[in-house]
Amino acid sequence: MSNPLHVFSNEQELLEGMWPTPLLKLRIGNDTWAKLEFYNPFSRSVKDRTAWFLFRQALIKNVNHIVEATSGNTGIALASLSSIYGMQFTMFLPVVAPKVYKVLVKLLGGNVIEAGNSTNDVIPLVKRFAEMSNAVNLDQFNNPINVIAHYETTAREIDEQLTSIGKRPSRIIATMGTGGHIAGVAKYFKEKYGNDVEIVGVQPSENSRIPGIKRQNGSNSLLRDIKIDRVVDVSLEEAIDGTISVARTSGILIGISAGATVAAYKRINDVSSTTVLIFPDDAFKYVDILEQTLKEI
C-alpha cells in the first residue's frame, strides 16, 4: 500500500510503499504517458516487482541459497533482498553486460559468475549449478509468478492511475526481455478491455543488442498464451535516440530499453491516442554506452 509521507519501518514497507510508481505525461505526442519504474528502490527498475514476488516463494520454502541468470536488474533486486533476509545469492551474468551490475551485486554481498554472451547462454549453467550446490533457481524466465507480479501491480497501477484522471489507455508499449512485465500488463488489459487496448512489444532489431531486452524467437513460455498485438524492432541507435529525446524534452534520464519504447512510439506515429510507455529503468547504469554515442553527436 502506498505511503504518502514515505516513512517506512522496514524494507518491505519501503518497496510496496513506493507503489504506485509515478505516471508522467511526456512532452512527446499529445497524450503520451510514461510509467517510471526507476522509482522502485532496490534495483531502480521494474525488476524489483518480479524479484519480490519470486523471493517471497523462497521465503515460504525456507531457502538458504538463491541462484539466478540475469542481464542485471533482477540480480541487483535479488541481491538486495538476500542481504535483507540473510540468504546467499549467486548471479550468473553475461560477460557483455554493463560492469555496473557486477559491482553493485558484489557490493550487496552477492556472488557473481560471468559466462556466455546472453542470458540464454547461462541458463543451462545456472540449472546445473543449482543442482550441484543445493541452491534454488527462481527462474524468472519461466516462472509464471513473474507474470503475476506485473498483473497484480504494474498493470493495475496503470489502470487506476489513468482512471483517476478520466482516461483509458488506447495503447501500451513495453519492452520484451523475460516477457514478465509485458505479459502481466497484456493479460490484465486484454481481460478487462479486450482489443480496445493495443499491446505493443519492443525487441532489438536483428544484429542489435540493447541492454535488458532480447529478441524473441517464439520459445518464451511466459508469452506463449499472451496476446501481443504487434512487435516493433528497434536498433540500439534508435533506442539511444529515444533516451536522448526524453532527456532533452522532459529532463528525465531514462535507460536505453526505455528509450527503445520511445523509438517504437515514434515509429507507430500516432500522437493522438492515449499511450503509456513503460520505462523499465534509468540512465545511470548505461553511462559508458551513452558516453560513446554522445561523443559522436
Could you list all residues from region 58-86 that are touching a strand residue (DSSP E or B) at 6+ places or on another chain (Cβ under 9 Å), open to solvent by 10 Å² or more (accessible area, probe 1.4 Å) and not hydroxyl-bearing (Ser, Thr, Tyr)? Lys61, Val63, Asn64, His65, Asn73
Trp52: in a helix (DSSP H, G or I) and within 17 Å of the chain's Cα centre (by Cα), yes or no? yes
Residue check for Val105: over 25 Å from Asn220 (Cα atoms) and either in the same structural domain as Ile213 (by the TED database) or open to solvent by less than 30 Å² (accessible area, probe 1.4 Å) (or both): yes
Subset tally (residues that are open to solvent by 40 Å² or more (accessible area, probe 1.4 Å), touching a helix residue (DSSP H, G or I) at 6+ places or on another chain (Cβ under 6 Å) and in a helix (DSSP H, G or I)) for region 221-240: 1
Within region 163-177, identify whether any single residue is touching a strand residue (DSSP E or B) at 6+ places or on another chain (Cβ under 8 Å) and either farther than 28 Å from Ala239 by Cβ or part of a helix (DSSP H, G or I) (or both), and answer yes or no. no
Name the pairs whose Cβ atoms lie under 6 Å apart, with the first residue in region 146-175 and of a type in the set (Asp, Glu), the second surrounded by fewer than 24 Cβ atoms within 10 Å (Cβ to Cβ), and 6 or more positions between them or separate chains? Glu157/Pro20
Of the conditions (1) under 17 Å from the mean Cα position of the chain (by Cα); (2) open to solvent by 20 Å² or more (accessible area, probe 1.4 Å); (3) among the hydroxyl-bearing types (Ser, Thr, Tyr), Thr163 fails just one. Which one is it? (1)
Is there any pair linking a residue in region 218-237 that is farther than 24 Å from Lys192 by Cα to one that is hydroxyl-bearing (Ser, Thr, Tyr) and not in a loop (DSSP other than H, G, I, E, B), with Cβ under 8 Å and at least six apart or on different chains, and which? Glu237/Thr293
Count - residues of region 260-293 that are among the aliphatic types (A, V, I, L, M) and either open to solvent by 60 Å² or more (accessible area, probe 1.4 Å) or not in a helix (DSSP H, G or I) (or both): 5
Kindly indicate whether any position in region 113-123 is at pLDDT 95 or above, farther than 29 Å from Lys187 by Cα and β-branched (Val, Ile, Thr). yes
For region 39-48, give me each residue that is open to solvent by 10 Å² or more (accessible area, probe 1.4 Å) and charged (D, E, K, R). Arg44, Lys47
What about Ala51, is it crowded, with 24+ Cβ neighbours inside 10 Å and in contact with a Leu (Cβ under 7 Å, 6 or more places away or on another chain)? yes
Pick out the one residue from Thr249, Thr243 that is at pLDDT 95 or above and open to solvent by less than 30 Å² (accessible area, probe 1.4 Å). Thr243
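Here is a list: Gln57, Gln12. Which entry is polar (S, T, N, Q) and modelled with pLDDT under 95?
Exactly one of Gln57, Gln12 is polar (S, T, N, Q) and modelled with pLDDT under 95, namely Gln57.
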Within region 19-38, considering residues that are at pLDDT below 95 and either buried (at least 17 other Cβ atoms within 10 Å of the Cβ) or of a type outside the set (S, T, N, Q) (or both), the one farthest from Ser82 (Cα to Cα): Gly29
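The values are calculated or read from the model by the stated rules, or taken from the named source; none is laboratory data. Keep in mind that what you see is a predicted model, and the values were worked out from it rather than measured. Note: ideal-geometry Cβ built from the backbone for every residue, glycine included; neighbour counts use all protein chains shown. Note: areas computed on protein heavy atoms with side chains; ligands, DNA, RNA excluded. Shrake-Rupley method; radii C 1.70, N 1.55, O 1.52, S 1.80 Å.
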